[in-house]
Structures are given as structure tokens and as C-alpha cells.
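Colleague: First, the structure itself, so that you have it in front of you.
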Amino acid sequence: MRQINRDKLQRVKSVELAAFNQRTAKSEAMLKRAKKSMVRGVPMSWMYGLYRHHSLYVTHGDGPTFFDVDGNSYLDFNVVDLAVTMGFTNSFVQRAMEQSMQRGAHFLLPIEEAIDVCENLAERTGVPFWQFTLTASGANTEVIRIARTITKRNKVLVFAGHYHGHLDDTMLEKADGQIRPYVLGLPHSAAKGVEIVPFNDLAALEEKLKQGDIALVLTEPALSNCTLVQPEPGYLDAVYALCQRYGTLFCLDEAHNFSFAYGGLTRAWNLKSDFLVLGKGLGTGIPFALYGMSKEVADFVDAHTQIDLGEPGIAAGGTTYANTLSILAAKTALENVLTPENYARTNYLGRTLAQGLQASFDQLELPWRALHLGPRSGYCLKPQLPKNGAEAYESIDIEFISTRKLFMANRGVWDAMATAGPQVSFAHTDAHIAQYLSAAHEFLAAIAG
Ligand code: PMP
């Protein structure tokens, strides 16, 4: 059996980096100018940190493809880390945005369509009550506050390999038995507020829950921020049952997973929880997120709503939350794009993508597995699929991934960032999947030892 040949990988990397730099000279010049007014020359430094090559400057998108300032085109399989799953120029979203601005961008009062959105979400997920935020990070922040208030406990439990956004409560990891932040700038107390255990390990979870100090267990149904880890059969039902036994609330974060199946994995797998977080503008590219909650939780929040200049209530909301753009984007996404038929199509294309990758691994005698869930695929560089975050991280080989990204970019394909897909969008077709698979096969053939 073969593996990555490191010499070949290094040679491919230097050839492809030189080609990339040559093709993207205008982006590089723009970055040089931009560095005088923005950190790393980008409006959000994470845009730079995501890649091991210089940032592209983009002019526009068309369906699933975007164009850089040098005129190169990129068929996108990163789908803006799930924030644009309907293509860059979806006509329903365009119309909704035009209507929003004709209606008025925001009133700090509700519009009727907010009811349509929340009724639709309640119907498709079974979770009855909903609130808007601008980001999934913001939604998780509010969920944690509510859980702390209800349980009168402080700690949040997450699973190794987790990501729930840029919030102080969860940007921590466990290494050598110690919990520590994996970013700079968190309060010193942050490590005291979190427990981290392996996914798919009920005994480890129960041991922590037994202590009686966990307010909330927060997880994605399938971990999608460390490549892809799926729950073992019955695992998430057992997690919920344990949470109930020990008086802990349970939140499913479907900021990503909602794009995998109609009604999210909550509906597809018939999952129960106290909270459900959705995000990434449901894939429209318009910034908003939502969280849902059970009737019991909603009753509590209702009784502890913050009234201006009144008694303290639960801290929630922000001046730009639930604006007209967010609400009309959510409505059109749910009614016109996130339909059962369209999910069936992305699931079919995702299967084609995963089967194609697996065929390449087999043909090239790489003992690897194609990750697969709905429209999501990926590269597991081992013969067994990962059961938890630690196993999944063993497949995050940054040299392999960053070289693959360069190679694919030079062939007109924008591959997924290190911890993610590739993922199929609602704008992709069979021909697009074939284009990805052909470039991926060529890359794998070039670096297999
Ligand atoms: N939860 C999950 C599961 C996510 O994947 C992400 C983003 N990758 C977030 C929350 C945070 O989303 P945002 O950056 O929009 O706040």
C-alpha cells in the first residue's frame, strides 16, 4: 500500500506555489496596498490565517464560481465554510435582498415574516421556539447564558474536536490532561468553565456529568470542524438521556449540520435536545443565525426577559439582530432553496463526490477512506474512519491539504479549508463534481509514493 511521498509533495508544492503566485499577481499587489490600512491586508485577519498562500482579492461570483482580480475563476468547494451553500448569486436571495431594502433595513421591531420563518423551523425541526442572532457564535453565547441561569451551574461540556464559534466559553482544548485556551486573549478563568471529553465515549461523559456542575452539553450531531466524525448508533440519544438524568441541558449546534439533511440531522436522525443552534445565514451569505428551544426553556426565558431599566433578565439580543435582511433571507432560503428535493440532489451529488474520491484512493492504492455525510466529503488518511476528535486530527496533514489547495486552485477549483470538506452546494451540478474529482485524482497521482 502507498502513502504520501513527502519528497514528491514538497516538489509539487514549490511548483504549484510559483504558478499560483504568477497567476495572482494583481491580488498580491492589492494586498501590498491593503497592508497599509488593514492587518495582513485583509478586512478580517482570519481570512489570511485560513490559507498557507497569500490571500486572493475577489471581484465577484456567479453560481458556485468566484473570480479573482487577475480574472482567474474558482469553482468553490469550500462554500464559505457553509455560509454560502446556495451559490454566490442565488436569484431568490437576490430578490429577497432587494425587497428588504425597499421595505427598510431594520426597525428594532418585528416584521410578519419572522413568524413565517419560526413556524417553518418549528415544523421542520420539531423545536418550537426561536430567536435570531447575527452569528452562530452569538447564538451559542446566548444558549450558554440561558443554560447557566436555568441550572444555576457554571460549566459547559464540549467534545474534543469541537468548534462552536469565537466565544470565550469554548475556545479551549485538552492537552496532556490540562484544559487550556487554543487562542490568545481569553480570560484566565475560561479554563475553569469548561470540561472536554472524547466524542462517542459515554462513560467519560457520565463521569463529568456526575459531578453535578455542568450547565450545558454543547455538540454538533456530527463533528464537522475536525474533518468529519459521526456518532455511533444511539450515541446522541444516550447523551440526551444522561443529560436529563444529571440535570444538564443539551444543545445541538447545527450551524453546519443543517446543510447536510432536510430539517438538519435533528430531523434526519430524530434527535432530542433542549436547544438547537443554526447559523451561517442558513447558507445565503447574509449574516444571521438562530437558536431554537423547547417549550420549558422558552417559558423560563419568557419569565426572565430583560426589560429595559427593570430587574435583570437574561442577556440576549443586539441592535442589528433580526433585521429585515436576515428575516427575508431566512424566509426565502427555507421556502425556496432548503427544500426536500434540493437536499435530495445535494445528497446525491455528495455521494458521487465521496464515491469518486474513494475510487481514486483505491486505484492509487492509498489505504484511505473518503469521509461522507450528505453533501460533505473529505479525506481520511487512514484505513478506519475517525470515532472522535483526536482520531480525526490525525488526518489533518497541513502540508498535504495546503499543497492540494494550491494544486486545485491552479486548476480552477477552490478546495475546502483544512478542517472541512469538500462540500457540495445547492448550486453544483454533476459536471462540477466531475471537475473536482478529475483535479483531485491528478493531485493524488502526483504525490502518492
Ligand atoms: N458552530 C459551529 C458548529 C460552526 O461550525 C461555526 C463556524 N464554523 C460556528 C458555530 C460559529 O459560526 P460563526 O462564525 O458564524 O459565528
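Colleague: Go through the range 223-239 residue by residue and turn each phi into a ³J(HN,Hα) via Karplus (6.51, -1.76, 1.60, θ = phi - 60°); whole Hz please, and just put x for glycine and proline.
Modeller: Result, rounded to whole Hz: 5, 10, 10, 9, 6, 8, 10, 9, x, 5, x, x, 4, 5, 5, 5, 4.
Colleague: Please figure out what share of the DSSP beta bridges in the range 87-197 is antiparallel and state it in percent, rounded to the nearest 5. Let's see the in-between values first.
Modeller: Numbers: 4 of 8 bridges.
Around 50 percent antiparallel, to the nearest 5.
Colleague: Run the dipole for the range 127-223 about the Cα centre, Lys and Arg Cβ at +1, Asp and Glu Cβ at -1, nothing else charged, and hand back the magnitude in debye, nearest 20.
Modeller: Values: 10 positive and 11 negative charges, 71 e Å.
Taking the Cα centre of the range 127-223 as origin, the dipole is about 340 debye.
Colleague: Moving to a separate point now. Compare the peptides 353-360, 396-403 by average per-residue count of other Cβ atoms within 10 angstrom and give them in order, highest first. Write down the numbers at each step before the final one.
Modeller: On the way: 353-360: 19.9, 396-403: 17.2.
In descending order of packing, they fall as 353-360, 396-403.
Colleague: Given the peptides 259-268, 227-236, 64-73, 137-146, arrange them by the average over their residues of other C-beta atoms within 10 Å, most packed first. All intermediate terms of the calculation are to be shown ahead of the outcome.
Modeller: Numbers: 259-268: 21.7, 227-236: 19.2, 64-73: 17.5, 137-146: 24.2.
Ranked from most to least packed, the peptides come out as 137-146, 259-268, 227-236, 64-73.
Colleague: Order of 432-440, 95-103 by packing, highest average Cβ count within 10 Å first?
Modeller: Values: 432-440: 19.7, 95-103: 15.0.
Sorting 432-440, 95-103 by mean packing, highest first, produces 432-440, 95-103.
Colleague: Rounding to the nearest 20 debye, state how big the charge dipole of the chain is about its Cα centre with +1 on each Lys and Arg Cβ and -1 on each Asp and Glu Cβ.
Modeller: Numbers: 41 positive and 46 negative charges, 261 e Å.
Approximately 1260 debye in magnitude.
Colleague: Another question, then. Please state the shape class of the range 355-449: rounded when a/c is under 1.5, otherwise prolate if a/b exceeds b/c and oblate if not, all from the C-alpha gyration tensor.
Modeller: Working: a/c = 1.42, a/b = 1.22, b/c = 1.16.
The shape class here is rounded.
Colleague: Still on this structure, please answer the following. Under 20 Å between alpha carbons, and skipping anything fewer than 8 positions from Lys32 in its own chain: which aspartates and glutamates qualify?
Modeller: Cα-Cα hits under 20 Å: Asp68, Asp70.
Colleague: Further question: What share of the DSSP beta bridges in the chain is antiparallel, in percent to the nearest 5?
Modeller: On the way: 29 of 46 bridges.
Approximately 65 percent, going by the DSSP bridge assignments.
Colleague: Taking only Cα atoms, what is the 0 to 90° angle, nearest 10, from helix 430-447's long axis to the longest principal axis of the chain?
Modeller: 60 degrees
Colleague: Along the three principal axes, how long is the chain when you take its alpha carbons, biggest first, rounded to the nearest angstrom?
Modeller: Rounded to whole Å, the extents work out to 64, 55, 46 Å.
Colleague: Continuing with this model, one more query. Distance cut-off 30 Å, Cα to Cα: go down the list Lys331/Lys387; Lys35/Lys280; Lys35/Lys192 and report the pairs above it.
Modeller: On the way: Lys331/Lys387 36 Å; Lys35/Lys280 28 Å; Lys35/Lys192 38 Å.
In this structure, Lys331/Lys387; Lys35/Lys192 exceed 30 Å between Cα atoms.
Colleague: Please sort by residue number the chymotrypsin sites (Phe, Trp or Tyr not before Pro) in the range 86-130 whose DSSP state is loop and whose Cβ has at most 14 other Cβ atoms within 10 Å.
Modeller: Those satisfying the criteria are Phe107.
Colleague: Here's a follow-up. With θ set to phi - 60°, apply the Karplus curve 6.51 cos²θ - 1.76 cosθ + 1.60 along the range 29-37 and write out the HN-Hα couplings as whole Hz, x wherever there is a Gly or Pro.
Modeller: Once θ is set to phi - 60°, the couplings for the range 29-37 become 5, 5, 4, 4, 5, 5, 5, 7, 10 Hz.
Colleague: Mind giving me the nanometre distance, one decimal, between the label points for Met417 and Arg351, set 7 Å out from Cα along Cα→Cβ?
Modeller: Here the modelled spin labels are 3.0 nm apart.
Colleague: What lysines does Lys382 reach when the alpha-carbon gap must be under 24 Å and sequence neighbours fewer than 8 apart in one chain are set aside?
Modeller: In chain and number order, the partners are Lys8, Lys13, Lys174, Lys405.
Coordinate-derived values only; no laboratory data. Just so it is clear, the structure is predicted and the values come from calculations on it, not from any experiment. Glycine gets a Cβ as well: all are built from the backbone with ideal geometry, and neighbour counts include every protein chain shown.
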